[in-house]
Amino acid sequence: MVGVRKTERERMESDEKQVRQAIEYLLGIDKTEHWPATDPPIPMSPEDYGVVSAMSLGKMNVPTAESMAALIYGAIHFDDPYVKIACSEAISDINLKLAKSIFYLQTMDTDSDVRERAFELLWNSDTADLGLARSVRDRLLHDPDEFVRSTASRYIDP
């Protein structure tokens, strides 16, 4: 009897296909196909697709150049703050050093939610660069948004 389990090669090809679909979505190459595929398709906004794609890439932990490029693109260029954060968190699952750079860039984002969340991620990362986090905190203590200022003030050293 032939086994039902996928071979390692089949599993990798399936993962590659999913990664490619997620990358294509994140980069805006093919928005006609629904991903993840459901029957009937679940209606999702482009932002929801971006979040799902970023989270899926992070969970699959496939540190290919293409997936990293897609995540970096999403982390910096998506208009929706939730997509930016999802991409950033997925990057942190793959490459913390790169994630810290992205979080730092996002603490200067135009969206206050992104600035605030990026700072928390920068500060709370398992391998946080506390020197960098402190300098960002000092800048955010003078942020125009009161919520961002109050978040930064919660991280004052004891």
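The values are calculated or read from the model by the stated rules, or taken from the named source; none is laboratory data. If you're wondering where the values come from, they're calculated on a predicted model, not measured in any experiment. All Cβ positions, even for glycine, are placed from backbone atoms using ideal geometry, and neighbour counts span all protein chains on display.
Only one of the numbered conditions (1) surrounded by fewer than 21 Cβ atoms within 10 Å (Cβ to Cβ); (2) in a helix (DSSP H, G or I) is not met by THR151, and that is (1).
This table checks each residue for (1) assigned to a helix (DSSP H, G or I); (2) at pLDDT 90 or above.
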site	(1), (2)
ASP126	no, no
ALA133	yes, no
ASP138	yes, yes
HIS142	no, yes
